[in-house]
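The values are calculated or read from the model by the stated rules, or taken from the named source; none is laboratory data. None of the values given here were measured: they were computed from a predicted structure. Don't worry about glycine lacking a Cβ; one is built from the backbone with ideal geometry, like all the others, and counts go over all protein chains shown.
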Amino acid sequence: MYNVAVVGATGAVGQKMIEVLTEYEFPINELMLYASARSAGKTVTVNGQDVVIRELSDAIYADPIDIALFSAGGSISEQYAPRLSEQGVIVIDNSSAFRMQADIPLIVPEVNRVELSPDKPLIANPNCSTIQSVVALAPLAEVYGLTRVAYTSYQAVSGSGQKGIEDLERGARGEEPQNYPYPIYDNVLPHIDVFLENGYTKEEQKMIDETRKILNAPNLGVTATCVRVPVRNSHAVSITVTLDREATLAEVKAVLSDAPGVVLMDNPGELVYPTPLDANGTDDVYIGRVRVDESQPNTFHLWCVADNVRKGAAANAVQIAQCMIGQTATK
Ligand code: A2P
C-alpha cells in the first residue's frame with residue numbers, strides 16, 4: 001500500500017486523477033491532496049471519506065509520500081518535483097517542464113513502458129494529443145517503420161483546464177472570453193499554447209518533439225497543426241502517416257485492431273467512426289476512417305479520438321504509477 005499525493009488536486013486533471021486512482025483500485029494507504037492557498041482546507045470526498053486539501057508548500061518534503069502525481073502547471077513542477085524525486089518519491093509529472101530532458105522517461109505504457117526504471121523516479125506524462133497519437137502509431141512503427149507523420153488536431157476545451165471549459169460556457173451565454181483570445185463558442189481557433197519563432201505553436205512543437213522521443217525516432221519527419229474546437233471533452237487527431245514499406249489497407253487495419261489500447265471503430269458503410277462523445281469517460285484510443293492516401297505511396301489516413309483528460313492525462317499518469325509498482329496497467 002502506498003501513500004499517494006495529487007498536486008493540483010482541484011484542477012480538471014487532478015480531480016480526474018483522484019477518480020481514476022479510485023476506479024483502478026490503486027493500492028493507496030493515504031491519499032494526500034495539495035492545491036493552492038485558495039483551496040486549502042476544503043474537503044473532497046474520496047471513496048466515502050473526506051480528505052482535506054493541503055496548501056502546497058515546502059512542508060510537502062516532510063510528508064511521507066511514496067508516489068506523487070503532479071498537475072498544477074510547469075512552474076509548480078519545476079519548483080517541487082526534482083527535490084521530491086531526489087528524496088526517492090516516484091513523481092509522475094503532467095506538465096511539459098521535463099518532457100524533453102534526455103534523462104527523463106516520457107512514457108505511454110502501451111508504447112514504451114520498458115523505459116521505466118526504479119533509478120529514474122521522475123517521469124514525464126506526455127502531451128494529451130501526443131499520447132493518443134502514439135498509441136495509434138507505435139504498432140505501425142513496429143511492423144512497417146514510419147517515414148513521416150502529419151497531424152491535425154481538434155482539441156477540446158477541457159485541455160485548457162477549468163478555465164477552458166468556463167470560456168465555452170461563457171460563450172454559450174453570450175459573454176466575452178476570459179481565457180482564449182477569441183470566442184471559442186461557435187468558433188475554431190488555430191492556436192493552442194504560445195507561438196514560437198518558427199511560426200508553430202508550442203502545442204504543435206510538443207506533438208512533434210514528443211512523438212520523436214516516445215517512438216525513439218529522433219529523425220522521423222513529423223509536422224502538426226493544432227486547433228481548439230468548441231467541444232467540451234475528448235480530442236480528435238487526423239493523422240496522415242507514411243510507412244517505410246508497402247502495406248494493404250486490410251493489413252494496416254489488422255495491425256491497429258490488435259494493438260494494445262486501440263479500439264478500431266471503422267465501418268463507414270454503417271456510419272461507424274469515433275467521435276469525442278464515444279471516447280468520453282474511457283481510457284481507450286479509438287481509430288476510424290482508416291484509408292489509403294491515393295496521392296502518395298505507402299501513406300494512410302487515420303482518425304484518432306480519445307478522452308484527453310483521462311488517457312491524455314490522468315489515466316496515463318496512473319497507468320505509469322501502476323507500472324512503477326509492478327501492477328499490470330488496468331483499464
Ligand atoms: P487551486 O484550485 O487551488 O487554484 P486547472 O489546470 O484545471 O486550472 O488546475 C490547476 C491546478 O493547479 C489546481 O488544482 C490549482 O489549485 C493548482 N495550482 C495552481 N497554482 C498553484 C499553486 N501556486 N500552488 C499549488 N497549486 C496550484
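Of V252, V241, all but one fail to be in a strand (DSSP E or B) and touching a residue at least 12 places away in the same chain (Cβ under 8 Å); the exception is V241. Scanning the stretch 183-210 for residues that are of a type in the set (F, W, Y) and surrounded by 13 or more Cβ atoms within 10 Å (Cβ to Cβ) turns up Y185, Y200.
Scanning the stretch 157-184 for residues that are hydrophobic (A, V, I, L, M, F, W, C), assigned to a loop (DSSP other than H, G, I, E, B) and under 12 Å from G11 (Cβ atoms) yields nothing. Looking at D244, D266, just one residue is of a type in the set (D, E), over 30 Å from I65 (Cα atoms), outside the structural domain of N112 (by TED's automatic domain parsing) and surrounded by 18 or more Cβ atoms within 10 Å (Cβ to Cβ), and that residue is D266. Restricted to the stretch 18-47, and to residues there that are of a type in the set (F, W, Y) and away from the ligand (no atom under 15 Å from the Cβ), the residue that is surrounded by the most Cβ atoms within 10 Å (Cβ to Cβ) is F26.
Of the strands (runs of 3 or more DSSP E) contained entirely in the stretch 67-128, those carrying at least 1 residues that are closer than 17 Å to S160 by Cα and of a type in the set (D, E, K, R) fall at 90-93. Applying the set (1) surrounded by fewer than 16 Cβ atoms within 10 Å (Cβ to Cβ); (2) more than 9 Å from the ligand (Cβ to nearest atom); (3) over 19 Å from G161 (Cβ atoms); (4) modelled with pLDDT of 95 or more to N3 leaves exactly one unmet item: (1). Based on what the data block shows, is T10 in contact (Cβ under 8 Å) with a residue 24 or more places away in the chain, surrounded by fewer than 23 Cβ atoms within 10 Å (Cβ to Cβ) and not aliphatic (A, V, I, L, M)? Considered against the rule, which asks whether it is in contact (Cβ under 8 Å) with a residue 24 or more places away in the chain, surrounded by fewer than 23 Cβ atoms within 10 Å (Cβ to Cβ) and not aliphatic (A, V, I, L, M), T10 comes out as yes. The one condition from (1) surrounded by fewer than 22 Cβ atoms within 10 Å (Cβ to Cβ); (2) without any contact (Cβ under 8 Å) to a residue 40 or more places away in the chain; (3) within 16 Å of the ligand (Cβ to nearest atom); (4) under 25 Å from R310 (Cβ atoms) that G73 does not meet is (2). Taken as a whole, the structure leaves P260 outside the set of residues that are farther than 30 Å from P121 by Cβ and part of a loop (DSSP other than H, G, I, E, B). Scanning the stretch 48-57 for residues that are within 15 Å of the ligand (Cβ to nearest atom) and surrounded by fewer than 14 Cβ atoms within 10 Å (Cβ to Cβ) yields V52, S57. Within the stretch 303-322, at least one residue is surrounded by fewer than 21 Cβ atoms within 10 Å (Cβ to Cβ) and not in a loop (DSSP other than H, G, I, E, B). Looking only at the stretch 273-296, which residues are of a type in the set (V, I, T), touching a helix residue (DSSP H, G or I) at 6+ places or on another chain (Cβ under 8 Å) and over 25 Å from E246 (Cα atoms)? The answer is T282, and nothing else. When S153 is tested against the conditions (1) under 20 Å from Q15 (Cβ atoms); (2) in a strand (DSSP E or B); (3) of a type in the set (G, A, S), the lone failure is (1). A count restricted to the stretch 76-105 and to residues that are in contact (Cβ under 8 Å) with a residue 40 or more places away in the chain, within 15 Å of the ligand (Cβ to nearest atom) and either over 17 Å from the mean Cα position of the chain (by Cα) or over 16 Å from Y34 (Cβ atoms) (or both) stands at 4.
Checked against (1) outside any strand (DSSP E or B); (2) under 21 Å from R83 (Cβ atoms); (3) under 24 Å from the mean Cα position of the chain (by Cα); (4) more than 12 Å from the ligand (Cβ to nearest atom), A9 passes all but a single condition, namely (4). When G14 is tested against the conditions (1) in a helix (DSSP H, G or I); (2) near the ligand (Cβ under 9 Å from one of its atoms); (3) farther than 24 Å from S85 by Cβ, the lone failure is (3).
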